[in-house]
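Take a look at the structure below.
The values are calculated or read from the model by the stated rules, or taken from the named source; none is laboratory data. Note that the structure is predicted; figures quoted are calculated from it, not measured. We place every Cβ from the backbone using ideal geometry, glycine too, and count neighbours over all the protein chains shown.
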Amino acid sequence: MKNRHSALVAALAVSAVALAGCSGSSSGSESGSDGPYRVLVTGAVSGQGALAANSQTSILAAKAGVEAVNGNGGIGGRQVELTVVDDGGDATKAVSNLREAIASGNKPDLYLNSGPSTLSAATLPILKQNKILSFNVGPTENSSDPEEFPLNFDLSPSPSDYAASIARHAKSKGYQQVGVIHGSSAYGEAFGKAMESSLAAEGVSAAGSEEYDIAALDMTAQLQSLKNKGAQALVVDAYGAPLGYLLTSLQRLDWNIPLIGNTSVSGTALVAKPAPEGILGTPATANLVMQVFPSTVYDANDAAVNAMVTTMAGMGQIPSTLILADNYDPFGLVAAAAAKVGSTTDATALAEALENQEVLDNAKTAFLPRYHYSAESHAPNLEDDGYRFVPPSKLLNGQYGNPAA
């Protein structure tokens, strides 16, 4: 992956940066129909390691989304003005930044985050109180519930949606006994429970579910238990270093079994780098396929995704997989909603329009092929065309499977 431009690094060194639209507005003034459409995106600009890389990709996607929508006339005729703030991955800081923006008179029309879910949980009540439309990268237990948060829409599928897709994939492969191993994180626990119910719903026998401590260096005991129970395939939830330890433990057992990694696995840099930095091309990944979105896989014929990637790469290096590029799509979604409503200032009306499938089908999105929000659920509710299962490969501009990588 080539670093085509270093401007992103410089831009992220400041706590806020605006992408100017055609119309300006004085500082402290309320956003109105004759001014720019204000969007606030928050991310761990000052974070370290994977947290920083993921946030940079998330923010880069938002910037590319702004360029795309502004090039098509903006949102309801208003050019979008994007402000980036550094939350350091800390929920308390994110809350302070949001409250400061509201108190200063620069209340955003739209709020985006870069995760994690703890940050979402802290900011959603404030967004609801101030009637601010929002799109959320880090789903919580109730973030997609329209009764609880009518103005929020999740961009990332829920653990149960991911699990249902994996269960359908396992069934399509004819696996009869499927084991599950997951981390002790809140997400890992939710995913593990969801896999059990999803496998049952598909009529696939579960060969047990084992949890490992995410601080552990060895998962041999859990894997041995699943092997003893006759697992014919293994669903894996592991992000970062734990994935390496888990695969090493598998080799220690000399257990040659098909592996289905969730998006935590496909979002881990190890799988895209050859040894010694990573595990690509080693026996550890020989039986591994990973769950991704269509946009995470290179397709020379996918014009919408290729336009997104070209725009992002032209702005700076894409440091992680495009699984973190959720924030490209909200701009196309809101633009479609504004076209339906005929206004950009009524957040409630825009939210109701986003529950209309015709509006969603008209939205110019690329990160996900289509969304299925409804009055009952503000989750993407992806169908099978929203997922792919691919083997590990080198990344180029955040995508797997590019022959140029």
*Go through (1) closer than 25 Å to Asp109 by Cβ; (2) under 21 Å from the mean Cα position of the chain (by Cα) and name the single condition Leu396 misses.*
(1)
*Please tell me if Glu211 is assigned by TED's automatic domain parsing to the domain that holds Leu259, surrounded by fewer than 21 Cβ atoms within 10 Å (Cβ to Cβ), in contact with a helix residue (DSSP H, G or I) (Cβ under 8 Å, 6 or more places away or on another chain) and at pLDDT 95 or above.*
yes
*Could you tell me whether any residue of region 312-334 is of a type outside the set (A, V, I, L, M, F, W, C) and free of Cβ contacts under 8 Å to residues at least 24 places away in the same chain?*
no
*Looking at (1) more than 27 Å from Lys394 (Cβ to Cβ); (2) at pLDDT 95 or above; (3) not aromatic (Phe, Trp, Tyr), find the lone condition where Ile59 falls short.*
(1)
_Looking only at region 128-144, and only at residues there that are under 18 Å from Leu350 (Cβ atoms) and touching a residue at least 40 places away in the same chain (Cβ under 8 Å), the one that is surrounded by the fewest Cβ atoms within 10 Å (Cβ to Cβ)_ = Lys131
_Yes or no: region 225-238 includes at least one residue that is of a type outside the set (S, T, N, Q), free of Cβ contacts under 8 Å to residues at least 12 places away in the same chain and either out of contact with any Gly (no Cβ under 7 Å at 6 or more places or on another chain) or under 22 Å from Ser117 (Cβ atoms) (or both)._
no
*Could you say which residue among Gly65, Gly47, Gly21, Gly28 is in a loop (DSSP other than H, G, I, E, B), at pLDDT 50 or above and not aliphatic (A, V, I, L, M)?*
Gly47
_Restricting region 241-259 to residues that are surrounded by 16 or more Cβ atoms within 10 Å (Cβ to Cβ) and small (Gly, Ala, Ser), the residue that is farthest from the chain's Cα centre (by Cα)_ = Ser249
*Answer yes if at least one residue in region 363-370 is over 16 Å from the mean Cα position of the chain (by Cα) and either more than 22 Å from Ala269 (Cα to Cα) or not β-branched (Val, Ile, Thr) (or both), and no otherwise.*
yes
*asked:* Looking at region 386-398, can you tell me whether even one residue there is in the same structural domain as Val84 (by TED's automatic domain parsing), in contact (Cβ under 8 Å) with a residue 12 or more places away in the chain, out of contact with any Ser or Thr (no Cβ under 8 Å at 6 or more places or on another chain) and not small (Gly, Ala, Ser)?
replied: no
*Collect the residues in region 145-160 that are modelled with pLDDT under 95 and either crowded, with 21+ Cβ neighbours inside 10 Å or under 18 Å from Leu110 (Cα atoms) (or both), keeping them in residue-number order.*
Ser156, Pro157, Ser158, Pro159
*Residue, nearest to Ala349 (Cα to Cα), within region 112-127, restricted to residues that are more than 16 Å from the chain's Cα centre (by Cα) and of a type in the set (Val, Ile, Thr)*: Ile126
*out of contact with any strand residue (DSSP E or B) (no Cβ under 8 Å at 6 or more places or on another chain) and either outside the structural domain of Ser343 (by TED's automatic domain parsing) or not charged (D, E, K, R) (or both), is that true of Gly138?*
yes
*Elements of type strands (runs of 3 or more DSSP E) in region 171-246, at least 1 residues being closer than 23 Å to Ala272 by Cα*: 177-183, 233-236
